[in-house]
Structures are given as C-alpha cells and as structure tokens.
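Chemist: Please find one structure pasted underneath; my questions will follow.
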Amino acid sequence: MAFGWRFIGEVWGTYKRPIVLECIVPLASRKEAELIARQRLAGADSITAIELTEGDFAALDGKAATAI
C-alpha cells in the first residue's frame, strides 16, 4: 500500500538534456496526489509517478515537507 507518491517531471524545451523537477506528496490516494503534483510541476512535458512505501518515505528524513 502506498504511503506517499514521488513525481518526477521533465521539461525539454530547446535543451539537449531535460530539466528534471521532483515533487513528493505524502498522500496515499494517487488521484489526490496527482492533482497536487500537476499544479507543482506545471509545464512539464512528462511526469512519472513512483509509489513510496512507509520505509521509502521514512528514508527521506522529513525532506518531503520542503518539497511540497
């Protein structure tokens, strides 16, 4: 079961390599987390969702509070 979600957005534009943005949302519901991530990563060409378990989320050591 998901404890949170990590979203990685890529902005390509005219660059040779993408600009990578990250958003960590501490919500179990993917739909609610996606709504928040789409607002935070507005303008991204692609967004990848990664499910975080409780252990993964604990390994972030409170960094999610600053990412949101």
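Chemist: By how many degrees, 0 to 90 and rounded to 10, does the Cα axis of helix 30-40 deviate from the longest principal axis of the chain?
Modeler: The answer is roughly 40 degrees.
Chemist: Net charge around residue 33, counting only other residues with Cβ within less than 11 Å of its Cβ (Lys, Arg = +1; Asp, Glu = -1)?
Modeler: In short, +2.
Chemist: Could you rank 11, 20 by how accessible they are, 1.4 Å probe, largest area first?
Modeler: Sorted by accessible area, descending: 20, 11.
Chemist: Just the accessible area per residue of the chain, please: how many Å² with a 1.4 Å probe? Mind showing how you got there, number by number?
Modeler: On the way: 4850 Å² over 68 residues.
I get 71 Å² per residue for the chain.
Chemist: Here's a follow-up. In percent, how large is the relative contact order of the chain, given Cα pairs closer than 8 Å and 6 or more residues apart?
Modeler: Computed over the chain, the figure is 44 percent.
Chemist: If each of residue 39 and residue 12 carries a label point 7 Å out from its Cα toward its Cβ, how far apart are those two points in nm?
Modeler: Going from the residue 39 label point to the residue 12 one covers 2.9 nm.
Chemist: Would you mind checking which residues have amide H under 5 Å from residue 52's amide H? H placed 1.01 Å from N; only 5 or more apart, or other chain.
Modeler: 3, 4, 5, 6
The values are calculated or read from the model by the stated rules, or taken from the named source; none is laboratory data. What you see is a predicted model; the values in this text were computed from it and never measured. All Cβ positions, glycine included, derive from the backbone under ideal geometry; neighbour counts span all protein chains shown. For the accessible areas, the whole protein counts, side chains as well, though only heavy atoms, and no ligand, DNA or RNA atoms are used. Shrake-Rupley method; radii C 1.70, N 1.55, O 1.52, S 1.80 Å.
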